Amino acid sequence: MDWYIPILIALARVCDVSIGTVRMILIISGKRWIAAVLGFFEVIIWALAVGGVVRYLSHPLALVAYGAGFAMGTLLGMAIEDRLALGYRTVRVINADRDHRVTEAFHAAGMRATRVDGVGRSGPVEVAFLTVRRRDLKSTLAGVQRLAPNAFVTVERADRASGVDFPPRDPSFIRRIWSKRRHPLVRK
């Protein structure tokens with residue numbers, strides 16, 4: 001076996017597993033056609049990797065390269081998917097602090113939120129629901145933390161969001177909303 005064969009096997013596995021990871025997320029997000037195209041390339045690369053391992057089955061280094069490629073492909077696929085940040089998340093904020101109205105602050109920031117009055121262990125609470133693009137989740141949670149630091153917050157994956165006017169896709173939009181200098185959710 002030539003010295004570069006295990007490297008090729010590992011690289012093939014890195015490629016096909018990372019493509020497969022992204023493909024599964026696309027399937028869950030409802031992007032069927034893109035997922036099908038990725039699946040086409042994934043299975044071709046996989047066949048090449050398996051062919052290499054089968055051909056050099058008697059060499060333990062080929063098997064190690066196959067396994068290592070799978071592990072690295074899983075990590076790379078997760079990193080790619082994390083960077084793409086596809087889909088939506090529903091944020092639920094349970095706020096017992098009557099001095100900070102979370103829903104009103106969301107509305108003032110130009111975001112759509114739904115408020116439900118509830119009763120918690122210590123009395124009345126405000127429950128605010130907000131659906132955001134996944135790529136905006138981190139900044140949304142940071143804004144909630146600054147506004148109502150004692151609120152209980154949960155995040156769930158939302159399959160689809162329809163009938164919702166999301167803010168423009170301008171990446172600076174969320175930064176403007178949650179900037180520390182003129183933060184619309186923090187009272188002065």
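Each reported figure results from applying straightforward, stated rules to the coordinates on display, with no laboratory input. Keep in mind the model is a prediction, meaning the values are calculated, not measured. Heads up, the Cβs are rebuilt from the backbone with ideal geometry, glycines too, and the neighbour counts pull from every protein chain shown.
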* Structure fact -> HN-Hα couplings for segment 79-92 via Karplus (6.51, -1.76, 1.60; θ = phi - 60°), in whole Hz with x for Gly/Pro, come out as 5, 4, 4, 5, 5, 5, 6, 7, x, 10, 10, 9, 9, 10
* Tell me the chymotrypsin sites (Phe, Trp or Tyr not before Pro) within segment 1-106 that lie in a loop according to DSSP and have at most 15 other beta-carbon atoms within 10 Å. => 3, 4
* Asked: Taking K and R as +1 and D and E as -1, what net charge do the other residues with C-beta under 14 Å from the C-beta of residue 120 add up to?
  -> 0
* Asked: Once Rh for segment 5-84 is found with the Kirkwood sum over Cα pairs, what is the Stokes-Einstein diffusion coefficient at 37 °C and 0.692 mPa s, in µm²/s?
  -> 260 µm²/s
